[in-house]
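What follows is a single structure, written as structure tokens, with notes after it.
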Amino acid sequence: TGMGTAAHMLSNKKCVTISLEMKFISAALINQKLIGKVKIQKKTKSLVFITCEVFNLEDIVVTASGVWKIL
């Protein structure tokens, strides 16, 4: 959700996901607070490349990377 929101906010246009890769590194507990750190890697006229890391209070839980098409 954070990555898609970042693509939309950066381009100020509707965007659709072209690709999304997630790597689950560790487990999170039910109701545990998770924090996502989104980074825009590159924006072209028609594409946005984004990465994200999701953490709990102790460890990294998930890494993700994706490409969004600007409509």
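The values are calculated or read from the model by the stated rules, or taken from the named source; none is laboratory data. Just so it is clear, the structure is predicted and the values come from calculations on it, not from any experiment. Glycine gets a Cβ as well: all are built from the backbone with ideal geometry, and neighbour counts include every protein chain shown. Note: areas computed on protein heavy atoms with side chains; ligands, DNA, RNA excluded. Shrake-Rupley method; radii C 1.70, N 1.55, O 1.52, S 1.80 Å.
Within segment 60-71, the set of residues being free of Cβ contacts under 8 Å to residues at least 40 places away in the same chain and surrounded by fewer than 18 Cβ atoms within 10 Å (Cβ to Cβ) comprises just one member, Ile60. Counting only residues that are closer than 15 Å to Leu71 by Cα, in contact with a Leu (Cβ under 9 Å, 6 or more places away or on another chain) and outside any strand (DSSP E or B), segment 12-45 holds 2 of them. Counting only residues that are touching a residue at least 24 places away in the same chain (Cβ under 8 Å), open to solvent by less than 100 Å² (accessible area, probe 1.4 Å) and more than 11 Å from the chain's Cα centre (by Cα), segment 49-59 holds 2 of them.
Can you name every residue in segment 42-57 that is farther than 15 Å from Thr17 by Cα and in contact with a Ser or Thr (Cβ under 9 Å, 6 or more places away or on another chain)? Scanning segment 42-57 gives Glu53, Val54, Asn56. From the list Ile35, Ile30, pick out the single residue that is exposed (fewer than 15 other Cβ atoms within 10 Å of the Cβ), hydrophobic (A, V, I, L, M, F, W, C) and modelled with pLDDT under 95. Residue meeting the stated conditions: Ile30.
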